[in-house]
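See structure below.
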Amino acid sequence: MSKTNQHDLVKVYRQATSAVQSLNNPARRGTLFQGDCTKLLDAMPSNSVDLVVTSPPYCIGKEYEKGWDLDRFKQLHQTILPAATRVLKDGGSLCWEVGYHVKDGVTTPLDFLIFEIASKIPGLKLRNRIVWSYEHGLHGVRRFSGRHETILWFTKGDNYYFDLDPVRVRQKYPGKTHYKGPKAGQPSGNPLGKNPSDVWAHIPNVKAKHVEKTSHPCQFPIALAEQLVLSLSPEEGLVLDPFSGVASTGAAALRNTRKFIGAELSSDYCTIAEERLVGALDGTLKVRELETPIAQPDPRSKVATAPSHFAAARAEPSPEGAPAFHQGIPATSLNDVSAQVTSSQAQ
Ligand SMILES: C[S@@+](CC[C@H](N)C(=O)[O-])C[C@H]1O[C@@H](n2cnc3c(N)ncnc32)[C@H](O)[C@@H]1O
């Protein structure tokens, strides 16, 4: 892709109005505004966006949220949620991905705060509270280790875009048949697969060795956004992420023939985001595809083999050839590492 081409397709702006005007360029696929998302939202016309997918700062002390507290989180959302709803088309969707704020050992589910505000916005209706679970993160000591976050999916109105087919998953028992009625004995499942449900346990979070990892401390996986882009927006639709980070939502949009506009305060993240969007278009961006199976350790590898003292600690007979680490062992016997904050943003 030549330089000129690239800037026609993807560009970063420092003026919100210029960013919004650039959407009229028919060649444009991805637009980034480097600045405060409230400015971008104010500059955007009403009813212009098909889908919003975002993950706001969680106020857990990342460099972009120093000094934040829950009151600031609530204040920000009192402004952002109505503004994002205004720019959303009737029938469009708004997906807010959040985890937990933990301070002094006390946990606040951030989606409770989002729901409290969003449910008062006329026309906005919650369709699902999706649980995204993953296997890795910090280990808790005085509470269970956090291994899930949630996505609140709202629609603007009742007549909303929803296409299950691109995100269907293989049935466990595809050979099931109707057991009574005129179709008795015939296959009962959808040949394209079944509804993926509101629990998504097949998408690993972005830790150090993930192929998508950048210098951003809390990017979410492209596959997570891709599930939402594919099911909740039409081809050529416009997808918005007001807290776009390194544009994981944008990459999901551009890889699937949607357009993208995002806002991000940090110029460093915008630079990475721009590169990733170009890579999403020319196919060079490294992505962990949705259908990639969750890695299983080789049972003979050192990392999957319990050290000999584990067996003694568990009062098991023989340390030799002890099986891989099990779930269900009492935490008190395992010398877990201390951590107070657990979430995908707490990496
Ligand atoms: C949780 S991260 C989002 C990461 C993103 N989902 C990704 O995968 O790259 C939140 C981002 O919001 C940005 N941010 C915080 N306040 C903002 C604001 N008022 N306007 C625009 N961006 C903001 C932060 O710099 C941070 O990169």
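Listed values, structure above:
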read-out	value
For D268, D71, order by how many other beta-carbon atoms lie within 10 Å, fewest first	D71, D268
Hydrodynamic radius by Kirkwood, which averages 1/r over all alpha carbon pairs of the stretch 54-155, in angstrom	14.7 Å
Anisotropy class of the stretch 163-302 from Cα gyration tensor, a/c 1.5 cut	oblate
FRET efficiency, 1/(1 + (r/R0)^6) with R0 51 Å, evaluated for L23 and V303 via beta carbons	0.60
Principal axis dimensions, largest first and in whole angstrom, of the stretch 128-241 by Cα	57, 38, 28
Neighbour-count order for E275, E97, E236, fewest beta carbons within 10 angstrom listed first	E236, E275, E97
Spacing of the two label points (7 Å from each Cα toward its C-beta) at Q296 and E316, in nm	1.8 nm
Prolate/oblate/rounded call for the stretch 219-295, Cα gyration tensor, a/c under 1.5 rounded	oblate
Vicinal HN-Hα couplings computed from phi for the stretch 255-262 (Karplus, 6.51 cos²θ - 1.76 cosθ + 1.60; Hz; Gly/Pro x)	5, 10, 6, 10, 9, 9, 9, x
Cα extents of the stretch 1-57 along the three principal axes, largest first (Å)	34, 25, 21
Angle between the chain longest axis and helix 70-87 axis [Cα atoms, degrees, rounded to 10]	50 degrees
Placed amide H near V52: partners under 5 Å, 5+ positions off or other chain	S93, L94, C95, L240
Rough spin-label spacing in nm, given labels placed 7 Å along Cα→Cβ, for A201 and E135	1.2 nm
5 angstrom amide H check on Q171, placed H, neighbours 5+ away	K194
Cα coordinate range in the stretch 3-282, projected on the principal axes (Å, largest first)	63, 53, 42
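All of the numbers you see were taken from the coordinates with simple rules; none came from a lab. Predicted model, so just to flag it, every value in this text is computed and none were measured. When we count neighbours, we look across all protein chains shown, and the Cβ atoms used for this are built from the backbone with ideal geometry, even at glycine.
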